[in-house]
Amino acid sequence: WNYELGFKGNIFGQLFANVSVYSMQISNLLVAERVGEDQFVGKNAGKTANNGLELNLNYVGQLKSIQITPFANYTFAAYKFVDFVDDGNDYSGNQLTGVPKHQFNVGTFVTSNLGFYGNAVYNFVGEMPMRDDNSKYSESYGVLNFKLGWQKSIKKFNLNIYAGINNVLNENYASMILVNAP
């Protein structure tokens, strides 16, 4: 079952908001269990409760021929095993493996009437449990990216020239984790 309550609309004219609160109750969730080198099987993790909040804010501002759009996105994910016993180990009440509790993005997009554009985006991902028993967590990390470009439509063609720098702060992180690895 999934229950969701949300709001989407403009606040104070140019501020756009999208807010959702949700609760999804899952029975018989399948999770991966490693049985050998690069070999996994699905096992029944019983019941889980995936409760959360998602928030998105955008503001559209205009300065002469330049449009500035700052934004912020936040996700709170309180995902837990409700009833999960595996080989005599009770994981009930533990945080769901591989899901960070907190994630957010902040940044701004800038565009001009002359076709120039740019953006700066910071993405944060909180720590997440790597094992069903919650004994090991990944480290949280934040990544900052920049992009500058110019675009122009010429007849039926769209020209887009851009350059960017990802991970400006040279953050060491794992964008994906292998859950329940030994």
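The values are calculated or read from the model by the stated rules, or taken from the named source; none is laboratory data. Here the structure is a predicted model, which is why all the values come from computation and not from measurement. Cβ coordinates were reconstructed from backbone atoms using ideal geometry, including for glycine residues, and neighbour counts include every protein chain displayed. Ligands, DNA and RNA are excluded from the accessible area calculation, which covers all protein heavy atoms including side chains. Shrake-Rupley method; radii C 1.70, N 1.55, O 1.52, S 1.80 Å.
Numerical summary
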{"item": "Residue list for region 139-159, restricted to those being over 27 Å from residue 63 (Cβ atoms) and among the hydroxyl-bearing types (Ser, Thr, Tyr)", "result": "140, 141"}
{"item": "Qualifying residue in region 123-139 (condition: modelled with pLDDT of 95 or more, over 30 Å from residue 89 (Cα atoms) and open to solvent by 70 Å² or more (accessible area, probe 1.4 Å))", "result": "no"}
{"item": "Any hit, region 143-166, residues being assigned to a strand (DSSP E or B), within 26 Å of residue 39 (Cα to Cα) and open to solvent by less than 70 Å² (accessible area, probe 1.4 Å)", "result": "no"}
{"item": "Count of region 167-182 residues which are open to solvent by 60 Å² or more (accessible area, probe 1.4 Å) and over 21 Å from the mean Cα position of the chain (by Cα)", "result": "1"}
{"item": "Complete set of residues in region 98-138 that are charged (D, E, K, R) and either touching a residue at least 60 places away in the same chain (Cβ under 8 Å) or under 26 Å from residue 56 (Cβ atoms) (or both)", "result": "101, 127, 132"}
{"item": "Total residues in region 61-97, condition outside any strand (DSSP E or B), out of contact with any Lys or Arg (no Cβ under 9 Å at 6 or more places or on another chain) and open to solvent by less than 60 Å² (accessible area, probe 1.4 Å)", "result": "2"}
{"item": "Complete set of residues in region 146-164 that are hydrophobic (A, V, I, L, M, F, W, C), without any contact (Cβ under 8 Å) to a residue 24 or more places away in the chain and in contact with a Leu (Cβ under 9 Å, 6 or more places away or on another chain)", "result": "163"}
{"item": "Members of region 13-62 found to be free of Cβ contacts under 8 Å to residues at least 12 places away in the same chain and over 24 Å from residue 81 (Cβ atoms), listed by number", "result": "13, 36, 37, 38, 62"}
{"item": "Residue match in region 1-22 (condition: open to solvent by less than 70 Å² (accessible area, probe 1.4 Å), out of contact with any His (no Cβ under 7 Å at 6 or more places or on another chain), among the acidic types (Asp, Glu) and not in a loop (DSSP other than H, G, I, E, B))", "result": "no"}
